[in-house]
Structures are given as structure tokens and as C-alpha cells.
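Quick notes on the structure that follows.
What follows is calculated from the coordinates using simple rules that are stated; it is not laboratory data. Given the structure is predicted, the values throughout are model-derived calculations rather than measurements. Quick reminder, even Gly has a Cβ in these numbers, built from the backbone with ideal geometry, and neighbours come from all protein chains shown.
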Amino acid sequence: LNAPAKPNHEDDMKTNERANERRAFVSPEPGDSWQAIATRALPDEPVDEAVAKLKGWNLHLFTRIPSGEFLGCDVVFVTPPQADGAGA
Amino acid sequence: VPDPASEPIITEAIVAPGHDGEAVLVVRVRHENGAIDSVTLDEGRAQQLIEACAVETAAELRGQPRQRLLDVLESSTAPVRRIGASMFDILIRNGRIVDGSGQPAYAGDLGITDGRLTLVGGHAASPARIEIDAKNQVVAPGFIDPHTHFDAQLLWDGQARPALEHGVTTVVHGNCSLSLAPLKAEHRPKVVGMFQQIEEMPDAAFDGAFEWTWESFEDYVAALRGQVAVNVAPLAGHSPIRMWAMGADAQKRAATPEEIGTMQDLLRRCLEAGAIGLSTSYVDVDENLFPVPSRFAHYEELDALAAVLGEFGRMLQVVPEFYSTDITLARVDQLAELSRKHGIPTTFSPLFDSIAQPTNVSRVLDRVAEQFASGARVWPQVQTRPIDISFSLDVASLFFVSLPIWYLILRLPRDQKIAAFQDPDTRKKLLEAAEGDGRGSRFGHLRIRDHHDPALNGRTLAEVSSERGTTPATVMIDLSLEEGLSIQFLSANMGHEDSSRIGPVLANDLVHIGASDAGAHIQSFATYGDTGYLFSEFVRRGGHLGLEKAVRKITSDTARIWGIPDRGLLQPGMAADVVIFDPETIARGEEIPTHDMPEGGMRYVRSASGIDTVIVNGEITWSREGGYTDARPGVVTHA
């Protein structure tokens, strides 16, 4: 709601191959839980740690109602946002 | 003394059959050096030459100066294309024809007979019931708006005011998973609630403004038929389809295979009845701020519905999580997969430029280009206008969605709302929410509009609060109470406002100009005139698009993307949707509040500048001199 500032990113509109690397995601299946997705998506990690990672990478699922629960259409990222901050 | 034998003249003119069965005129010319060659004229140009030489027959052209022939050829750079008619219903003379193809403009006439274009280019000799002099004006195909929410408005205002006077002759409605059909009677209150929440449509737009005569899509189309001045291309909404198949469970769970089958059958019937496609949403909420039914659909459900779209080659429209580039990219990939698998076009809207995500547009367009290269059709819709929001404290504007206490109070009945703003304890909580988070006032940049004291209009709340020794939020509440909550506040340029960034995006051939949201958000901003703004801001001022390309982007491109037959081009045989406008003045007017909704409800509108005449299916529906007409020539494009 604050008054917007003028953008000053001259290169914003240019192609950035690195910024467009694919970020892996899954669509939840009926009845899915965080644990179930963590087990499928990050099978080599302890489930609790994998769930914590997934939740941290999917904050958008906690900013809406129902918070933290899956809707059928959701995008659930199974990789972190890009380190250079290009993701949003 | 010049030698008559060396003067370049027409030596012979012979009427001959053309390759397509029409007559042509073969004109032989002798040049200065005595050489003879010939040129073949179509019927229109032949008539021009006869008129230019002031003769009555082709035979009398013999001996006429070659220059007359050259003058005729130079006056029209495109071939005259004509079919049939001996008398036109409407003849538009002397226009600058921009035919929607993107090809260079050319001078000529446009003839209309029985709702169809029968002459494009050249100069007509035939009579006409109505003649329009379009000197110094552009004659173009009617504009097509691919993202509107005129679902309800068309039932009491078949002219879709004021979109029509901006040159819009075809509208796509039923976007964002929301449509009024197919819709069981018991689900009407729920869907109306969604329209009110998502599109800010007031109660009066539904209660008593029209008679609900349908449940099926076929009957909804029947209710529109004969009532509309614009052509309509309605989408079927995923949310009401889901409600039809699942009832209240549509907002609770995944669909069973049987329920998905029911939805497929229902969608198929919608498409057979004239739906241009299916709309769905990943972001919208209902009147209780709970996700709309379409958001509970798993990918398998959408895939099954896309398969039905594939049977008809129709469009899938979605609203992605536009606030996140990463999620939008994921949606582009999903849409591309559906597009390739089922052979369907897809489109998503909106795609914004904003300071919050400065690389958003470039990243998304890169991904879109990649998917097009792989054979998918994923069209991003980009709007032309900056994001401005106006509001009063009389309605619950989306401006306040991130301030829950404000939003809750604004949703109260009017008397309770006024009491809350006057209550010291409530005021304190409101002010703390708006100004007590250490980020300074959220309201200081807002500009006052429509106050009875003109000296206040245009000033910011920061300026006024500084003079009064108080805070912007306090001034907002006080002025609102003084004015009976009718005073408006403008938050301008909240994003998408830098034309140097937006112009090249609009010119991108993979960008679909749209996302106007016309007919929605009526109490927050005017959703009309985006087409005028395209010409004033990005053709005339910025030069990002040429005139012909700008016309193409909102006519034939839109028709091609959506598979709308017979429209978007000025060619003989096409439907006669035509807009005549002055390329030097076409623009959107100022945003103004008006009270022309049912029961006197308020909305923001913009009038049109530079538009002269709007013709739909061969009938004049609006003109600068006469305003709106009684004609209702609009059709359902796919019915």
C-alpha cells in the first residue's frame, strides 16, 4: 500500500538464462500430506528435515486460507528459490 | 510543337474475364518512346479510371492521358476487393484503411451489405443507403477485448457501456473461473457472492437487474441472443461447473472419476452451445475469503477438461499466481503441457510489470518463448494501462485486503461502518493498523478526488494532514465522515506504469494485449479505454508500435489466438465489425465516477476520444454525433 518507487533496474527486461532455470515442482495428489510429498520428492533425507525444507520453500502456501494445507491446484516446489534472488 | 505521337496516352481499354470469374479491364498504354504495354485493372479501379477521365464507357478511355491512369493507381496502394452487391447498406468513403493484417494502411472505401464487408479498397461508384465520410480517419476492424466480466451487465446493458464507444465490438466474458452458466438455481447466491468479492460487482448488479431464465449454458446463450449490441464470446467457468457436479463439496475435496466425467460432459455441452472455452483460477477467493472451487481441482481434473477442449480446439484461460514469478513460470509449463497434449490454445492473465518483481515480465516471456518453440500455445495477456486504484470508505475495496481490520469494517452495513469510524476505540485500532507498524503512513500518497471543496481535490493526504497537524489516516476518516463516505481517494501508478518498459512488451509478438477486466472492479478503477490508451501512449507518444501493428494486435491477432471466425480483418466476406477513428486523437478519457448501475450504483468509467463510428455486423451501434443507437446486432461468436 505504500507509494511505489520508480524501478531503476535497467536490465530487468533483458533475457537472463540463469534466472530462467527451472525450479522443480510437483502437484499434490488427492489426500497428500507434507510428509508424503517430502518422502517422494526428497527420499534421501530424514522426513522431518525434508518437510521443514519443503515448507520453507513454499511460503506462499501459508499466506492464504487454508494456511499450510494443500489445494488440488497447488504448485509445491521441491527445490529452493534461486540464490541470486531472481525468483519471487 | 510537341509531337502528338510521343505523348503518353491510353490507346485501348478492353473488358475481359478475370481469373476468378469477375470482369477486369485491360488498359493498353503508349509511352513516350512509342512502346506499348498494358495493365489490368479490377472492377473498382476500372470504375475509378472511368470517373477520373469523365467518360461513360471503357471504349472512351482511348486517347486519355497516361497520367490519369497513374493518378488512379497511386490513389490506392492495395487491390480493390469486392464481392456481389450492387447497392451497399453502408459505404464508408475516403478512409485510411488499416485492415487488421498489419499491412500498410491504404486509401479507399469500405462497403457493407447484409452485415458483411462487400468492398474493401478502391472507390465505389455504387449507391449506399448510408454514406460516411471518413476523410482523415482510420477505418479498422472492430476491437476485440479478450478479458472482460460483462456476464451480468450484458443482461441489462446489451451495449456493454462504455466499452462499445471505445471501438470494442467483441467481448470475451466468463473469465477467471467465473461464469453465470452453467449454473444450477441453488448455486446462484454462491456465484453471485464470488462475483461480488472478486470483481467488486454490487448486489444491485444481480438482484432484480435481470431475470434468471437459465441453468444451462444453452439457455444463457438464448437469453443473450437478440439483446446485445456487441458480439459475445462467453467462456464456461470451472467453478460453477465444479459446483454443478459436486455441490458444496466443490470447495472441499478432489473430484471422483465419476464427478470428473460429469464435468467433462457438462463442458462438452457448453462448448456445443457456444462457449469459446473454459476459464479457471488459481488465486481467487469467495465472499468468505475462501478459495473458489476451481482451486480444489487436481491436475488430473484439469487435464480431463482440457481433453474436452481439445475435441473442439477451444481456449483454456487461467489466472496464475501473478504475484510470484516462480509460480507463474510453473503455470506456463503446466499450460504448455496441456496445450501440446490436447492441441489447444491457452492464455493466462494478468502479466504485470511492477517494482515488486522487476524481472517478472522478462523471465516469464523467456519461458513463454521457449514453450512456443516447443509447439505449445501459451499466450500471456498484458494490459496497456497502469494500475490505478480509487476507492471510498463506502465500499470494501481491494485496496484494503492487506489491512484486515479495515477490510472487515468496510464490509459492515453503512450505518455500522459510520459508527465504527466515529468510535474512539475503533479509530485507534484503525490508525494503529495503518500507521503504527513503523513504516510510516500507508495513506500519505493518496490523492483526494470528488470532494465538494475543489481546493482539496488533487492534493495528497500527506499534504493535508501536515497542514492540519495530524496523520493521513486520520484525515482520510475525517474527510470521509464529513462527506458521508462519498469522497474518493486515488492511489495512482501502483505498477505497470513505466511506458518505456511496457511499450516493448506490448509490441512483442508473443504478447496478447488484453487483461482489461472490463466490467469488473467497477468501484476501484475504470476498466475501459485500454485500446485508446494503446494508441495515445504507445503508438503516438512512445512510438513502440506502428499504427498498423497496434490495430493488428487487438483485432486479427486476438481473433486468431481465440479462434474467433470471420472477425478481426477487413476483407470481403468477413463480418462487418468496423471502427472509424482519428489516429491523431484516439485516447481514453478521464476516469470519472458515474451512477449508472442498477439502482443508481456507482462505478468508474472513461469516455472515448477520437472514435467516430462503431459498426457491429453491419449496423451502426454508436457514433460521435448520435451516441448509442437501438441496434442489437451482436451475436454469440461460437453458437
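Can you tell me the length gained on complete extension of the stretch residue B:466 to residue B:407, counting 0.36 nm per residue apart and subtracting the Cα distance?
18.7 nm
Run the quick spin-label model on residue B:590 and residue B:211: label points 7 Å from Cα toward the beta carbon, then report their separation in nm to one decimal.
About 4.2 nm, to one decimal.
Please compute the modelled spin-label separation between residue B:356 and residue B:624, points set 7 Å along Cα→Cβ, answer in nm with one decimal.
So the two model labels end up 4.0 nm from each other.
State which entries of A:55/B:429; A:53/B:341; B:341/B:549; B:190/B:417; A:53/B:190; B:252/B:428 exceed 29 angstrom in Cα-Cα distance in the structure shown.
Listed pairs above 29 Å: A:55/B:429; A:53/B:341; B:341/B:549; A:53/B:190; B:252/B:428.
Can you give the local net charge around residue B:394? Use residues other than it whose beta-carbon is closer than 13 angstrom to its beta-carbon, Lys and Arg +1, Asp and Glu -1.
Result for the local shell: 0.
Within the stretch B:198-226, which residues have the backbone N less than 16 Å from the label spot 7 Å out from residue B:290 along Cα→beta-carbon, could you tell me?
Flagged as within label range: B:198.
Test of understanding: ordering A:73, B:53 by Cβ neighbours within 10 Å, fewest first, what list do you get?
Result, fewest neighbours first: B:53, A:73.
Around residue A:70, what is the net charge, scoring Lys/Arg as +1 and Asp/Glu as -1 over all other residues with Cβ under 10 Å from its Cβ?
After counting each charged neighbour, the total is -4.
Given B:35, B:187, B:98, which one lies farthest toward the positive end of the charge dipole of the protein assembly as shown, if we put +1 on the Cβ of every Lys and Arg and -1 on the Cβ of every Asp and Glu?
Toward the positive end, the furthest listed residue is B:35.
Among B:323, B:395, B:635, which residue has its Cα positioned farthest towards the positive end of the charge dipole of chain B, with +1 placed on the Cβ of Lys and Arg, -1 on the Cβ of Asp and Glu, and the dipole taken about the Cα centre?
B:323
As a test, work out the antiparallel percent of DSSP beta bridges whose residues both lie in the stretch B:277-393, rounded to the nearest 5.
15
So how far apart, in nm, are the two label points at residue B:114 and residue A:82 if each is 7 Å from Cα heading toward Cβ?
Simple spin-label model gives 5.8 nm for this pair.
Less than 13 Å from a label point 7 Å out along the Cα-to-Cβ axis of residue B:341: which backbone N atoms in the stretch B:263-301 qualify, by residue?
Backbone N within reach: B:298-301.
Kirkwood-based Rg over Rh for the stretch B:492-639 (C-alpha set), two decimals?
My calculation puts Rg/Rh at 0.96.
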